[in-house]
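Asker: Before I ask anything, here is the structure I am working with.
Values in this text are rule-based calculations from the coordinates and carry no lab data. Worth saying up front: this structure is predicted, and the values here are computed from it rather than measured. Heads up, the Cβs are rebuilt from the backbone with ideal geometry, glycines too, and the neighbour counts pull from every protein chain shown.
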Amino acid sequence: MDVREFLASRRAKITPEMAGLTLIGGRRRVPGLRREEVAMLAGVSVDYYTKLERGNLAGTSESVLDAIARALKLDDAERDHLYNLARAASPSGKTRRPLQSGTVRPTLQFMLDSITAAPAFIGNHHMDIVAANQLGYALYSEMYRGSARPANHSRFIFLDPRARDFYPDWELAANTNVAILRTQNGRNPFDKRLADLVGELSMRSEEFRTRWAAHNVRRHYAGTKVFRHPVVGELELAYEAMELAEDPGFTLTVYPAVPGSPSDERLRLLASWAATERIQDLAGATQPQDVHRP
């Protein structure tokens with residue numbers, strides 16, 4: 001199902017003009033490329049491409065996958081996703097990967113605590129915050145006002161109305177979150193916890209359902225994010241995300257501010273507030289708590 005919908009959705013985005021094809025008469029019934037046009041561009045038979053789009057990717061060679069990626073003008077994240085879907089379709093890809101526990105090694109927490117000038121946290125493939133430093137908990141204090149643990153980015157964005165204020169560009173945050181989840185689903189299609197999260201959000205949020213159906217994917221390792229914190233105001237922070245090789249499934253993300261910028265000064269204020277409020281204690285709270293302004 002995922003293979004068919006992903007390839008069909010990418011095919012619908014490419015017009016014949018974008019693919020360099022000359023239209024010859026007749027009214028088209030599809031918004032993008034036809035299957036036979038993708039097959040021609042990829043150098044495979046129509047029957048073979050039709051079989052692939054129906055989900056039969058097992059055993060597909062890298063050269064064919066690359067040809068399809070070129071025909072559909074897939075970006076790097078989409079190409080990776082196609083390869084992940086093909087890997088999952090193979091017999092070896094159906095082996096379930098071991099899941100990470102909900103805790104990190106002590107040395108990872110020591111590392112987080114040594115980062116004092118920027119928010120930092122470790123997350124997993126289910127969008128949970130597994131561990132953080134003091135500034136990390138302070139940055140995401142709004143997530144910890146609810147009772148659910150672990151704090152989860154996806155549930156916060158789609159189920160908590162506070163997220164609309166916390167993310168000035170909520171649409172971007174929502175689109176990015178779902179694209180990351182879709183990417184992880186391609187990497188780990190037999191992850192029950194991930195499937196349960198997607199099912200829960202699909203049942204409870206039409207905004208999520210619409211985005212999930214789009215089959216968009218993306219890489220998310222570096223860039224800039226903007227937050228509107230209830231205590232210190234707007235924060236424009238860079239982010240760098242690194243997968244932890246010794247702890248598969250965990251990713252370290254750090255949010256530095258440009259030195260001397262207004263956001264850098266606001267991070268200092270946030271650190272002072274976090275120290276007096278002991279905001280990190282919210283991570284272990286089981287009841288909703290209010291965020292107190294100075």
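Asker: Can you show me the helix-derived [θ] at 222 nm for the chain, built from DSSP H runs with n ≥ 4 at -39,500 (n - 2.57) apiece and divided by the number of residues, rounded to the nearest 500.
Answerer: -13500 deg cm²/dmol
Asker: Under a 10 Å cutoff between Cα atoms, tell me which one of I157, I122, I14 has the largest fluctuation in the Gaussian network model of the chain.
Answerer: I14
Asker: Further, regarding this structure: Rounded to whole Å and ordered largest first, report the semi-axes of the equivalent ellipsoid of the chain derived from its Cα gyration tensor (root of 5λ).
Answerer: Working through the eigenvalues yields semi-axes of 41, 21, 17 Å.
Asker: Follow-up. Would you kindly state the longest site-free stretch of the chain, with sites defined as GluC sites (Glu not before Pro) in a DSSP loop (not H, G, I, E, B) surrounded by at most 16 other Cβ atoms within 10 Å?
Answerer: 18-245
Asker: Using a/c under 1.5 as the rounded threshold, could you call the range 82-230 rounded, prolate or oblate? The axes a ≥ b ≥ c are square roots of the C-alpha gyration tensor eigenvalues, and prolate needs a/b larger than b/c, oblate otherwise.
Answerer: In terms of gyration-tensor shape, oblate.
Asker: Could I ask something else about it? For K73, what charge total do you get from the other residues with a beta carbon under 11 Å from its beta carbon, if Lys and Arg give +1 and Asp and Glu give -1?
Answerer: +3
Asker: Find out how many positive minus negative residues lie around V226, taking Lys and Arg as positive, Asp and Glu as negative, among other residues whose Cβ is under 13 Å from that of V226.
Answerer: Surrounding charge for V226 is -2.
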